[in-house]
Every structure is written in C-alpha cells, then in structure tokens.
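First comes the structure, then the notes that go with it.
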Amino acid sequence: MTRWIPAFLLGTGCLLTLGVDRQRDMPLAEPLDSIPMTLGGRAGKNLEIAEDERVAAGMTSYIFRVFEEGPSPISVYVGYYDHQTQGKTIHSPKNCLPGSGWEALEAAPIAVTTANGPVTVNRYLLQNKNQQALVFYWYQGRGRVAASEYQVKWELLRDAALRGRSEEALVRVVVFLNDKVTESQAVDQASRVAADLVPAVFRSLPA
C-alpha cells in the first residue's frame, strides 16, 4: 500500500500546480493608499519604487513608506498580488535580502498582538557592513496571516486548486538600529507598527 504514496503525492502536486495557472484576478476591496499614514504612533510619507524593480517584483499594487520621526527611521512595504501563477509569485525576503548585501544574524518567529487577535510573523536581525536593521515580515491574504514559507506555499497551491484564488500581500516592516535604538527597542517599535498594519491591510484585501 505504501508504495502508492509517492505516486499519490506527485499526482496531487501536479494537479495543484496546474490549478495555479487558472486564477481569478481579485481586486482590492480598498486601495492600499487607504492604509493610514500614521502607524505605531508615527507619521510616514510615501516613496516610489523604481519601475525596473516594480517589474521584477511583479506586484499588482503597493505602498512603500518611510517614518523618519523618532530616534530611528522605519520603512513599511506592502506589495499586493491580485493572483499568482508560475513565474509570477511573491519573492520571499529570506531570499532577496542576502542578494542586496544584508546578512542574517538572527531569525525567529515572533508573536504580535493585533485588533484581529495574535499573529505570528518573521523576525530577522540583519547586518550590512556597519548598519544593522530589524525586519518583521509576513504574508497576508485569503483570511489569514502566515509566517512560514512552507505553509504559504501549501496554502497557495491548495487555494489555487480548490478556490481559484491565490491573491496575497507581502508585508514588511524595517527598523534601522543606531546608537539611540537598541534591538529590544526596535522590536517594540516594529511590533507597534505591525499591530496597526495587520488590521489596516485586512481592510484593503478582498473578503
């Protein structure tokens, strides 16, 4: 009996993968620009991402904001994909950050309390030469917040095959450390921003 398990898993994987190529576009319920400019008690301003970077990332819509008030700058990025297919999926920061010169010093999941309940996100401490940064990132869409890339990939295949839906947002918060901000203070700042960001992103996403 067990000899059929690999064939079953392979066949299931092929069917799910085929389903990813037949997706409905899911427009946002509200534009990402409706996400408040003040997050975690700090006011931000919008920045533009270069055209070539937008094309490479492939997102349908995005916001990129910097919050310069306070002891250390914070950046927030939300990139939304109205559907995902082979060749057009979210790029994991885990793979992208090392390519831009950042080295991971620490990595672990962390719980964040939000108005929608507790969620688990990824927490990374990064270094690029003499600069350190704390990064929170997570995947949000189809009614849930997820940190694990394995969970995200499985749910993408499952929902694509069974629901014809694969829309999702990548959300990233970066706090830059300096002599005025310790790692624990950066965690507190990132947690405050994430607590405001999760429900705000849900309001923009399709039901």
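Numbers at a glance
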| read-out | value |
| --- | --- |
| Residue tally, condition within 18 Å of Gly58 (Cα to Cα), hydroxyl-bearing (Ser, Thr, Tyr) and in a loop (DSSP other than H, G, I, E, B), over the range 133-174 | 1 |
| Any hit, the range 99-110, residues being in contact with a Ser or Thr (Cβ under 9 Å, 6 or more places away or on another chain) and of a type in the set (A, V, I, L, M, F, W, C) | yes |
| Residue pairs meeting the criteria (Cβ under 7 Å; at least 6 apart or on separate chains; first in contact (Cβ under 8 Å) with a residue 60 or more places away in the chain and over 18 Å from Val173 (Cβ atoms), in the range 25-41; second of a type in the set (A, V, I, L, M, F, W, C) and open to solvent by 30 Å² or more (accessible area, probe 1.4 Å)) | Ala29/Ala207 |
| Count - residues of the range 183-207 that are open to solvent by 10 Å² or more (accessible area, probe 1.4 Å) and touching a helix residue (DSSP H, G or I) at 6+ places or on another chain (Cβ under 6 Å) | 0 |
| Residue in the range 2-24 that is farthest from Val171 (Cα to Cα), counting only those that are open to solvent by less than 40 Å² (accessible area, probe 1.4 Å) and modelled with pLDDT under 50 | Gly11 |
| Qualifying residue in the range 73-86 (condition: open to solvent by less than 50 Å² (accessible area, probe 1.4 Å), acidic (Asp, Glu) and either touching a strand residue (DSSP E or B) at 6+ places or on another chain (Cβ under 8 Å) or at pLDDT 95 or above (or both)) | yes |
| Of all residues making up the range 160-182, the number that are of a type in the set (Ser, Thr, Tyr) and open to solvent by 40 Å² or more (accessible area, probe 1.4 Å) | 1 |
| Residue in the range 137-150 that is modelled with pLDDT under 95 and either open to solvent by less than 20 Å² (accessible area, probe 1.4 Å) or not polar (S, T, N, Q) (or both) present | yes |
| Lone qualifier among Ile110, Ile63, Ile49 - being in contact with a strand residue (DSSP E or B) (Cβ under 7 Å, 6 or more places away or on another chain), modelled with pLDDT of 85 or more, of a type in the set (Val, Ile, Thr) and assigned to a loop (DSSP other than H, G, I, E, B) | Ile49 |
| Number of the exception - Gly101 against (1) touching a strand residue (DSSP E or B) at 6+ places or on another chain (Cβ under 7 Å); (2) among the small types (Gly, Ala, Ser); (3) open to solvent by 20 Å² or more (accessible area, probe 1.4 Å); (4) closer than 16 Å to Glu168 by Cβ | (4) |
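The values are calculated or read from the model by the stated rules, or taken from the named source; none is laboratory data. Every value quoted in this text rests on a predicted model; they were computed, and no experiment measured them. So basically every Cβ, Gly included, is an ideal-geometry build from the backbone, and we count neighbours across all protein chains shown. For accessibility, only protein heavy atoms count, side chains too; no ligands or nucleic acids. Shrake-Rupley method; radii C 1.70, N 1.55, O 1.52, S 1.80 Å.
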